[in-house]
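Peer 1: Questions regarding the structure given below will be posed in turn.
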Amino acid sequence: MGLLQSLTVLCLLTLLFSSACISAQSRARVTDSLLQEYAYRALINPRTGTVYDGSVPANLTGIKVSALRLRSGSLRTKGVTYKEFRIPVGVVEAPYVERLVLVYQNLGNWSSYFYELDGYTHLTPVLGILAYDGANLSATGLPELDVRASESPISIKFADPEPAPEGSLPKCVWFDLRGLVNFSNVTSGSTCSTYEQGHFSIVVESKAPAPSPTPGAQPGPSPPHSRKNEINSRTWIIVGSVAGGLALVMLLSFIILCVRGCSRKKKMRYMERAAEVGESLKMTSVGALKAPAATSTRTQPTLESEHVA
């Protein structure tokens, strides 16, 4: 990876963990851009229609990412089954591209960190599917294509969702790329549907009592709250340092301006005093007005013969 790409990834990771400075929606969009880059890295001499699993940095352990390169015509006329997503025929993208890449995301134990819903608990990880232009597989920071199902909806079959508390009703939730949240009904126990790309999960209202743990079951990984708090503290330290530096620069600029102003005033006072001690001009009357007149001695004219011996 080149120096420019390394700096780009470092900047994205910095923004990703600066939760005190950016919103959850902004963090999610930064994550999409970062995962697109790591998914594309798995596409080394790819075969059309083959799923390639990518690797994410250690900071994002628990997230899974994959890439699938397709011809636009084949996607529209044949459809495809991709991980938990079943994409039917009739799916089109805008703007049109000859080849596209579908990037799959499974946010795992980071789901609540990027897509937290007040009053709701995730019963499944957040799954995402986003489409990008597949012409340049080394490109980064690509914008998403607008992918829509024109006939049947895209279905998402979640595997092994957590059981919902007794008396509660699980809901499908769709987070679109504009930050809007949409709810719909769960079908066939653990299936959701959509006509557009985005991120999806099954949630339940958290006010309901939590389900009792299954005997012998191992607790799943939880979001790294301690790491989040530590990162927030470091972020505030960095922000404070930057703010202090800016305040110091402003103070120095103010001092320099004051020194320049005082020097200018001192120079003006010196010039005024020099003018006051100079020779004063006599006043003379010119009609009804008085004006200064310089005293001088006019050279008397002489004849040239007077200088002849």
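The values are calculated or read from the model by the stated rules, or taken from the named source; none is laboratory data. Because the structure is predicted, anything quoted here is derived from the model rather than measured. Don't worry about glycine lacking a Cβ; one is built from the backbone with ideal geometry, like all the others, and counts go over all protein chains shown. Each accessible area value is taken on the protein alone, full model and side chains, heavy atoms only, with ligands, DNA and RNA left out. Shrake-Rupley method; radii C 1.70, N 1.55, O 1.52, S 1.80 Å.
Peer 1: Across the range 56-79, what is the total count of residues that are under 12 Å from Asn106 (Cα atoms) and among the polar types (S, T, N, Q)?
Peer 2: Number of matching residues: 2.
Peer 1: Could you name every one of the strands (runs of 3 or more DSSP E) located completely within the range 79-190 that has at least 1 residues being open to solvent by 60 Å² or more (accessible area, probe 1.4 Å) and without any contact (Cβ under 8 Å) to a residue 24 or more places away in the chain?
Peer 2: In the range 79-190, the matching strands (runs of 3 or more DSSP E) lie at 80-82, 181-185.
Peer 1: May I pose another question? For the range 72-111, which residues satisfy the criterion of being closer than 17 Å to Leu142 by Cβ and of a type in the set (Val, Ile, Thr)? Outline the logic, then answer.
Peer 2: We begin by selecting, within the range 72-111, every residue closer than 17 Å to Leu142 by Cβ; these are 72, 93-105.
Answer for the range 72-111, where residues must be closer than 17 Å to Leu142 by Cβ and of a type in the set (Val, Ile, Thr): Val97, Val101, Val103.
Peer 1: Which residue, of Ala39, Ala28, is in contact with a helix residue (DSSP H, G or I) (Cβ under 7 Å, 6 or more places away or on another chain), open to solvent by less than 60 Å² (accessible area, probe 1.4 Å) and either modelled with pLDDT under 95 or not polar (S, T, N, Q) (or both)?
Peer 2: On the way: Ala39 fails: in contact with a helix residue (DSSP H, G or I) (Cβ under 7 Å, 6 or more places away or on another chain).
Matching residue, one of Ala39, Ala28: Ala28.
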